[in-house]
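All remarks here apply to the structure that follows.
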Amino acid sequence: MGPVKRSGRSWDRDAEATRAVPCGCPIGGYGENPPDRGGGVAGLTSEPSARPNLRQIAVLAGVSKSTVSNVLNNPDLVAQDTRQRVESAIAKLRYVPNGAARQLRAGTSQIVGCMLFDVSNPYFAGLVRGAEDRLAEAGMMMLMCSLDVEVAKQEHYLRTLEQHGVRGILVCPVSSDLTSLFQVQARGTPVVLIGRSTGQSDICAADVDDRLGGQLAAGHLLDLGHRELVYVVGEGLTNDRRREGVRDAVARVGGGSHTLTEITIPCRAEEEQIDAAVERIVQLAPRPTAVMCFNDHTAVSVLHGLQRRGINVPRDISLVGYDDLPFAAVLSPPLTTVRQPRYELGKAATELLLSEWTPDHRHQQIWFEPELVVRSSTAPPPKA
């Protein structure tokens, strides 16, 4: 089935637990004559390693263990006065249900793993919020892992999440080799890719058309009349697609009459590395009149580097970022950038993961379109 337009600027391509966690409320045995523990609940000790259980709740409340279980799992089945006695016993014993034991008995987990490039990157905050909101609606929660753009960490966390029996995994892969992800999926743990489509129908993915994003960024500058452009690009698959889009836009207007200089930096570049890129920019001859950056974080550092050198943005050099992070609109000047629907992307990926557990599930790849946001960091080139 071919591409189908979707709302939100996207399109779809078919392609009773009986044990408790430690809670500092120790237990002892109940006998006919339980010892006095100094005013505490009969049969309880003060040792931190002991754990209250359903039997003790039942004895304290004067009900059966099955009634306690019903209060915990099906409270509507229990009479109000009985339920209140059980709840009072639970509070007095400080009982907490053991989620791991509950999962073992049920055979399913309510936890989803989420593996992200780098959780220190503010881009992922919006994405995670979208995913968490959808999981909360489904009564589930997220366990988040930061890959720090390292393949070894991706493989380690992937194995660990699978061994802990998570319900499924959301992942922004750091490598083009998806073999281990397919293997985990084949062993029964659903996987959904974020920001990395395969063009195949064997795995679900939610992605943004970054090639279009690159075209939007470069096209805006070209429409303003810029001919000497620089693209500061980070290493990585996603950034390669943005680079392709930038090249597309320049080629479309005639590459011979325009100059595009690409400066590649590490995906998690330090300030010194970005400043070195700025120095390269200002030393180019002729000096470029426009700079594009592969994300807003880099654009901020480039902006400050240019300003420290006495170069005005946008009078001398126009500047475009990518992502539209919250700070972009409050910079001086406010940053022109390409907006990604981060919240929608996280929510859509989670929806795909939830659909993996339906009998009629079909793998899908959902694409979102980025949007150019024009602010005050871009202007026509200075007159010669």
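Derivation of every value follows stated rules applied to the coordinates shown; laboratory data play no part. Being a predicted model, the structure only gives us computed values, none of them experimental. Backbone-built Cβ (ideal geometry, glycine too); neighbour counts: all protein chains shown.
Take the eigenvalues of the Cα gyration tensor for the range 280-384, scale each by 5, and report the square roots as semi-axes in whole Å, largest first.
Semi-axes, largest first: 39, 13, 11 Å.
Over all distinct Cα pairs, what is the inverse of the mean 1/r for the range 203-284, reported as the Kirkwood hydrodynamic radius in Å? Could you put the intermediate results ahead of the total?
Values: mean 1/r = 0.0734 Å⁻¹.
Over the range 203-284, the inverse of the mean reciprocal pair distance is 13.6 Å.
With the calculation restricted to Cα positions, what are the radius of gyration and Dmax of the range 189-348 in angstrom?
For the range 189-348, the Cα radius of gyration and maximum Cα-Cα distance read 16.2, 55 Å.
So, how do all the Cα-to-Cα distances of the range 155-227 break down into 5 Å bins, in percent, from 0 on up?
For the range 155-227, the binned pair fractions read 3, 14, 23, 17, 11, 7, 8, 6, 5, 4, 2, 0 percent.
Using alpha-carbon pairs under 8 Å, 6+ residues apart, how would you state the relative contact order of the range 284-384 in percent? Let's see the in-between values first.
Numbers: 138 pairs, mean separation 32.4, N = 101.
RCO, the range 284-384: 32 percent.
Loop only by DSSP, 14 or fewer other Cβ within 10 Å of the Cβ. Give me the trypsin sites (Lys or Arg not before Pro) in the range 247-345 that pass, ordered by residue number.
For trypsin sites (Lys or Arg not before Pro) across the range 247-345 that sit outside H, G, I, E and B with at most 14 neighbouring Cβ atoms in 10 Å, the list reads Arg309, Arg315.
Per the Kirkwood formula on distinct C-alpha pairs, the Rh of the range 65-198 is how many angstrom?
By the Kirkwood definition, the hydrodynamic radius is 17.2 Å.
Could you tell me what fraction of 2.2 N^0.38 Å the Cα radius of gyration of the range 134-265 comes to, as a two-decimal ratio?
Here the Cα radius of gyration is 1.34 times the empirical estimate.
Tabulate in residue order the Karplus-calculated ³J(HN,Hα) for the range 155-171, using 6.51 cos²θ - 1.76 cosθ + 1.60 with θ = phi - 60°, rounded to whole Hz; enter x for Gly and Pro.
So the J values, rounded to whole Hz, are 5, 5, 5, 4, 4, 5, 5, 5, 5, 8, x, 4, 5, x, 9, 9, 8.
For each of Thr82, Thr378, count neighbouring Cβ atoms within 10 Å of the residue's Cβ, then give the residues from fewest to most.
Going from least to most buried by this count: Thr82, Thr378.
Mind checking the range 77-177 for trypsin sites (Lys or Arg not before Pro) that DSSP puts in a loop (not H, G, I, E or B) and that have at most 16 other Cβ atoms within 10 Å?
Loop-located and lightly packed - Arg94.
Using a Förster radius of 25 Å, what is the FRET efficiency between Thr179 and Glu356 based on their Cβ-Cβ separation? Nearest 0.05, please.
0.80
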